[in-house]
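The values are calculated or read from the model by the stated rules, or taken from the named source; none is laboratory data. Everything quoted here is computed from the prediction, not taken from an experiment. All Cβ positions, glycine included, derive from the backbone under ideal geometry; neighbour counts span all protein chains shown. Heads up: the accessible areas ignore ligands, DNA and RNA and are worked out on the full protein's heavy atoms, side chains in. Shrake-Rupley method; radii C 1.70, N 1.55, O 1.52, S 1.80 Å.
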Amino acid sequence: MDNRVPPRAAGPGPRRRDRHGRGMRGPIAPPQVPLAASRAEVFADLVQDSVERLERRWPQLAEVEFLVLEVPRLEGQESVALWGDEGVPLGGIAPARDGRRARVVVYRRPVEIRSKGRDERAALVHEVVVEQVAELLGLTPETVDPRYGEE
């Protein structure tokens, strides 16, 4: 039994087949199917849906910039003092100044951790957006969205 298998040539080209000989696998779903959207993209869509819902009632929100960040930044002692014992914030605002538009920020990871399913996440995202817009406009959340707290 001297039938030795010659070693494979280690070429720089791409692998054509996996080790079981089935070939390379393609994507699970085409790009236009929601399954292909990343969690960050789905979350940004939830925020956008909430903003569009509020813009119908408050047209001045067209001048506000809405952002989604992964987590809040911890920069120095003043941010720790701002958070206090409340834990990690779910959102924040930055008023307009020096030619910059006002901003509403929703933090994706803290919201995802506090919600179990898509429906609960959508409701929490809307609550966070309503609360931040209310703070920015100097109103109560119930004034910004009369259905606040009902969902």
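Suppose we keep only residues that are β-branched (V, I, T) and crowded, with 18+ Cβ neighbours inside 10 Å within segment 87-109. Which one would you say is farthest from L136 (Cα to Cα)?
In this case the residue turns out to be V106.
If Q32 satisfies all but one of (1) at pLDDT 70 or above; (2) surrounded by 10 or more Cβ atoms within 10 Å (Cβ to Cβ), what's the number of the condition it fails?
Unmet condition: (2).
Among what's in segment 124-151 and is in contact with a strand residue (DSSP E or B) (Cβ under 8 Å, 6 or more places away or on another chain) and aliphatic (A, V, I, L, M), pick the residue that is surrounded by the fewest Cβ atoms within 10 Å (Cβ to Cβ).
L136
Taking the conditions exactly as written (in contact with a Gly (Cβ under 9 Å, 6 or more places away or on another chain), open to solvent by less than 100 Å² (accessible area, probe 1.4 Å) and either basic (K, R) or at pLDDT below 90 (or both)), does R121 satisfy them or not?
No.
Among the residues of segment 112-129, count how many are touching a helix residue (DSSP H, G or I) at 6+ places or on another chain (Cβ under 9 Å) and over 17 Å from D145 (Cβ atoms).
Of the residues in segment 112-129, 5 are touching a helix residue (DSSP H, G or I) at 6+ places or on another chain (Cβ under 9 Å) and over 17 Å from D145 (Cβ atoms).
Restricting to segment 38-66, count the residues that are within 12 Å of the chain's Cα centre (by Cα), surrounded by 15 or more Cβ atoms within 10 Å (Cβ to Cβ) and not in a helix (DSSP H, G or I).
The qualifying residues number 1.
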